[in-house]
Amino acid sequence: MDTATDKRKARARKLTDFIRAEASALGFDLCRVTSADAIPQAPARLREFIDQGYHGTMGWMEETEERRASPKTLWSDVRSVVMFGLNYGPEEDPRGLLAQPDKAAISVYARNRDYHDVIKGRLKEIATRFGARAGEDVKVFVDTAPVMEKPLAQAAGLGWQGKHTNLVSRSHGSWLFLGSMFTTAELCLDEAERDHCGSCRACLDACPTDAFPAPYKLDARRCISYLTIEHKGPIPPEFRPLIGNRIYGCDDCLAACPWNKFAASASEMKLQARDDLKEPEIAFLLTLDDAQFRSFFSGSPIKRIGRNRFIRNVLIAAGNSGNADFIAQCQLLNQDEAPEVRGMAVWALSRLMDRDGFNAYASSRMTEDDSDVLEEWRMAGE
């Protein structure tokens, strides 16, 4: 090779091979490369999503829309984008837990360590070594930055965005964590993955709340993951019975995907479910005060929503359980300092107590209170 072009291509190949080797050594299941301008369709799709109000109260999506639309808007010098995938597949179909109303269902991804910490630490290792070898600038991102990870992952060939809008991999199904590395280096690009959903609509039909107005479109305002994690304040009453015992996130559309037959369970210990988070007892979770909540969920992504929002979710599960043994604890939580907890305790009690018993309890408890809590009393009495 004696031309500048040949030398440039050879260097790109060596650097790409180096990144793949590093990714494999650090436990990543997939590592592929795309260009910084590979998702020209993303800005229009994001704008439509926001115009429809599908982002709900996630105002940060609109605030970061311009930077989110393109890697080059986020970092003008970026030339190549490396996408990494880490399998977090469960040992069994998580929907089996939905038939046990005294247990709480936690989304598979949140049953152990916070994946942001697990992935970002490894990406930083790769970036440090790559930067030293290549003499190029590097930045790494995991989910919290304004990066369109799923479109970029499809462009890099990790998988495709299914009708549930999540990434689907032919080798790992719907169970992949994503991370990205932006670099000024020229790397060898991989081919984009094509859509393999065909006529299947299993994920759409599996959604308990009809959160998909059309294939490939998600209305987050109806999504249980959004409602139990991102949404603050009272959850709309029409969704509460449909939430069942899901207290943090929902895996129904992911678990329904037929491509999961090729998926394996997670090999990374930090992503395998903690025994105490596989089937936690609702009765236990209802007792957690703030200190106990922080201790029990130390290192978990669940910790970020805070104790009050978490207990709000657990009270919905208690109300859906039909188990009168939860009444005493719900009555205690009806005296909690947090209005969102007191309000949801009202709803749970209205579901667990007979009408006469509830009315008698209400007459002894209903006083001047936060407006949201008073509204719960009003609706429960109708």
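The values are calculated or read from the model by the stated rules, or taken from the named source; none is laboratory data. This is a predicted model, so every value here is computed, not measured. Quick reminder, even Gly has a Cβ in these numbers, built from the backbone with ideal geometry, and neighbours come from all protein chains shown.
Quick notes on this one:
- Every condition in (1) assigned to a helix (DSSP H, G or I); (2) in the same structural domain as residue 45 (by TED's automatic domain parsing) holds for residue 292 except the one numbered (2).
- Summed over segment 1-52, the residues that are among the small types (Gly, Ala, Ser), without any contact (Cβ under 8 Å) to a residue 12 or more places away in the chain and closer than 13 Å to residue 186 by Cα give a count of 1.
- Residue in segment 319-329 that is assigned to a helix (DSSP H, G or I), under 20 Å from residue 111 (Cβ atoms) and among the hydrophobic types (A, V, I, L, M, F, W, C) present: no
- Checking each residue in segment 330-375 for being in a loop (DSSP other than H, G, I, E, B) and either under 31 Å from the mean Cα position of the chain (by Cα) or acidic (Asp, Glu) (or both) picks out 334, 336, 337, 338, 354, 368, 369, 370.
- Selection of segment 107-159 for residues being at pLDDT 95 or above, part of a loop (DSSP other than H, G, I, E, B) and in contact with a Gly (Cβ under 9 Å, 6 or more places away or on another chain) yields 107, 137, 158, 159.
- Among residues of segment 172-194 being over 23 Å from residue 120 (Cα atoms) and of a type outside the set (A, V, I, L, M, F, W, C), the one that is surrounded by the most Cβ atoms within 10 Å (Cβ to Cβ) is 193.
- Check on residue 333, surrounded by 20 or more Cβ atoms within 10 Å (Cβ to Cβ), out of contact with any Cys (no Cβ under 8 Å at 6 or more places or on another chain) and not assigned by TED's automatic domain parsing to the domain that holds residue 107: yes
- Leading residue by the ranking (surrounded by the most Cβ atoms within 10 Å (Cβ to Cβ)) among those in segment 1-17 that are among the hydrophobic types (A, V, I, L, M, F, W, C) and more than 12 Å from residue 181 (Cβ to Cβ): 12
- Among (1) more than 15 Å from the chain's Cα centre (by Cα); (2) surrounded by fewer than 21 Cβ atoms within 10 Å (Cβ to Cβ); (3) over 15 Å from residue 108 (Cβ atoms), the one test that residue 220 misses: (1)
- Among (1) assigned to a loop (DSSP other than H, G, I, E, B); (2) acidic (Asp, Glu); (3) modelled with pLDDT of 95 or more - the single one residue 91 does not satisfy: (3)
- Test: residue 308 is touching an Asp or Glu at 6+ places or on another chain (Cβ under 6 Å) and either in a helix (DSSP H, G or I) or under 15 Å from residue 97 (Cα atoms) (or both): yes
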